[in-house]
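Quick notes on the structure that follows.
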Amino acid sequence: MNFPEDLKYTESDEWIRVEGNLGTTGLTDYAQDQLSDIVYVEAAVDVGDAVAKGEAHSAVESVKAAADIYMPVAGTITEINEALAETPELVNSDPYGQAWLVKFEISDPAELDGLMDQAAYMKHVEEREG
Amino acid sequence: MAYIPHTEQERQQMLAAIGVDDIDDLYGAVPAGVRFPDLELPDPLSEMEVMDELQALAEANLEVKHASCFLGAGAYNHFIPSVVDHILLRSEFYTAYTPYQPEISQGTLQAIFEYQSLMCQLTGMEVSNASHYDGATALAEAVILALNHHRGKRSKVVLSPTIHPHYRQVVRTYTQGMGLTLTGDENCENSPKELMALLDEETTMVAVQYPDFLGNLEDFSELGKAAHEVGALFCVVVNPLALGMLRPPGEFGADVVVGEGQPLGIPISYGGPYIGIFTTQEKYVRKMAGRLVGETVDVDGKRGYVLTLTPREQHIRRDKATSNICTNQGLIALATTVYLSMMGKTGLRKVAELCFHKAHYAAERIGALEGYSIWNKKPFFHEFVVKCPKPVAEINEALLDIDILGGYDLGEDYPELKDHMLVAVTEMLSREEIDDFTDALQELSHD
């Protein structure tokens, strides 16, 4: 499984890429693997919405489960990946690239400090794998 | 073997856990005097005596087979081919619900799939669920769908005043505490034009009835367009039997079509069980409540039926599900499926046309009576409003003496329509019965 070094991670298996004041988030490789084939992605927010850390911004559905996807840190939505509605399988094939879910303006950069780096997240994954 | 779920030891453990010595202590809050009231029951009867008593009760009832029924208002007396009951009596189909282990009941799923297909054809919509409890709850679920479509960001629902009054009540009950504004039905004269003026960016849905509760047929195309212009959903409540001859709402922009399926082969028996039709466009399918049967192929490529799109809503998301409706009216859906299959497209159209023509014959005769007039100014289907020379209740009581069930007294639901009677005419009424009704009305206007 692949967990890029330049990203930060949440305990609920989201990643965030930070570029200046802008955050991009999606599901980790581990999350997509656990969910198996993704068949549906739906945004639960609109562009312009202020969404709190831990609040759901999207829901995904796989052949065996459905899950809400949460904001890694608080932010105001600037872009939603509409393409995923037609091609949800990208979440499986390219979770860190084409399958980003939402982009947002980070409200409080200090919240980023509470997230895991690559090493901590890999440990988090291993613990659950037993 | 007796089914006793808990042993004495388990009961003692449970009582100990909650700190109570005796089960009777749990009833301590109920005053002793009312705990075991004297029910004053009669002495026990033998089976033969019970049958006699029930028979006497049944015979005290006047049912539509022994009366001329001009009462409709949402429940209609139609002919039901005997094959409908015959199929319903097959024990393989005995269940009120979607089965709990659905895929093993392929016959039931196939029947529901066919029901869904028929409903889509009737309404002109893309998707139908496996049905709801009745027309009123189906409308309430349409409101819930619209709210979820707008993710709770819109809170205004515009309801036409000529949607069945009970349906509007159920919507209000269903959505109480949700902070919605339900408007549009304050004045019974509100036409599509007035409803259009109420539409704004806060509106999640506008709903109308077709034919409406007072029998009228309106052109809703403009209202539908106006709803879409502000991003609101457009919902149409239908009488499915009328769609045998009317343009399906899917052709004039409806996003959701709901209705009461009772006219399609379900008897009018003391209020139920009925069946709620719920159809919509495919883009809203994931917001739709209830069960949905899909057709697929098994590993050998053979056709099979499955419950589809349900795990997410009811099995996994649970507290986040958009509705808690997890089942359907299984047996009643089967009845409507058999009815529609028996009638076919031509048969259904024939029934609708018979209702239409007989109703128009009745309206023409009643309109010519002294003291009576027809209130409807627009085209109507099989129901119309009659302005009467005296209170409707009084007329109906006199009619009952000659085994005629008069029309619905509109005064209670629409104060403006005091002394107005809603008359329904179906294919079950003969010309002679209509003439007798008209003569009786004439006679009642004199004294």
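Couple of notes before you dig in:
- Any chance B:V34 is of a type in the set (V, I, T), out of contact with any Cys (no Cβ under 6 Å at 6 or more places or on another chain) and either within 28 Å of B:E433 (Cβ to Cβ) or at pLDDT below 90 (or both): yes
- Only one entry in A:A74, A:A52, A:A59 is without any contact (Cβ under 8 Å) to a residue 24 or more places away in the chain and over 16 Å from A:V39 (Cβ atoms), namely A:A52.
- Looking only at residues in the range A:23-49 that are modelled with pLDDT under 95 and in a strand (DSSP E or B), the one that is nearest to A:V102 (Cα to Cα) is A:A43.
- Test: residue in the range B:211-227 that is in contact (Cβ under 8 Å) with a residue 40 or more places away in the chain and within 19 Å of B:R151 (Cβ to Cβ): no
- Filter result for A:Q98 (more than 22 Å from A:D113 (Cβ to Cβ), away from every other protein chain (no Cβ under 13 Å) and surrounded by 21 or more Cβ atoms within 10 Å (Cβ to Cβ)): no
- Residues of the range B:78-129 classified as in a helix (DSSP H, G or I) and touching a strand residue (DSSP E or B) at 6+ places or on another chain (Cβ under 7 Å), total: 11
- Within the range B:148-170, the set of residues being modelled with pLDDT of 95 or more, touching a strand residue (DSSP E or B) at 6+ places or on another chain (Cβ under 7 Å) and surrounded by 18 or more Cβ atoms within 10 Å (Cβ to Cβ) comprises B:R154, B:K156, B:V157, B:V158, B:L159, B:S160, B:T162, B:I163, B:H164, B:Y167, B:R168.
- Top-ranked residue of the range B:310-339 - restricted to ones that are within 14 Å of chain A (Cβ to nearest Cβ) and part of a loop (DSSP other than H, G, I, E, B), ranked as modelled with the lowest pLDDT: B:R317
- Members of the range A:66-93 that are outside any strand (DSSP E or B), within 13 Å of chain B (Cβ to nearest Cβ) and surrounded by 15 or more Cβ atoms within 10 Å (Cβ to Cβ): A:P88
- Hey, B:G347 at pLDDT 95 or above and within 27 Å of B:M119 (Cα to Cα) or not: yes
- Enumeration of residues in the range A:27-51 that are small (G, A, S), away from chain B (no Cβ under 14 Å) and under 24 Å from B:K287 (Cβ atoms): none
- Sole exception among (1) away from chain B (no Cβ under 14 Å); (2) crowded, with 16+ Cβ neighbours inside 10 Å for A:A59, by number: (1)
- Conditions (1) more than 13 Å from every other protein chain (Cβ to nearest Cβ); (2) within 17 Å of A:E14 (Cα to Cα); (3) not aromatic (F, W, Y): number failed by A:D108: (2)
- Tally, over the range B:363-392, of residues that are under 26 Å from B:Q209 (Cα atoms) and not aromatic (F, W, Y): 17
- Taking the range B:1-67 and the helices (runs of 4 or more DSSP H) fully enclosed by it, the elements with 3 or more residues that are more than 40 Å from the chain's Cα centre (by Cα) are at B:8-18.
- Candidates A:L90, A:L115, filtered to the one that is of a type in the set (A, V, I, L, M) and touching a Pro at 6+ places or on another chain (Cβ under 7 Å): A:L115
The values are calculated or read from the model by the stated rules, or taken from the named source; none is laboratory data. In this text the structure is predicted, and so the values were computed from the model without any measurement. Cβ: placed from backbone, ideal geometry, glycine included. Neighbour counts: every protein chain shown.
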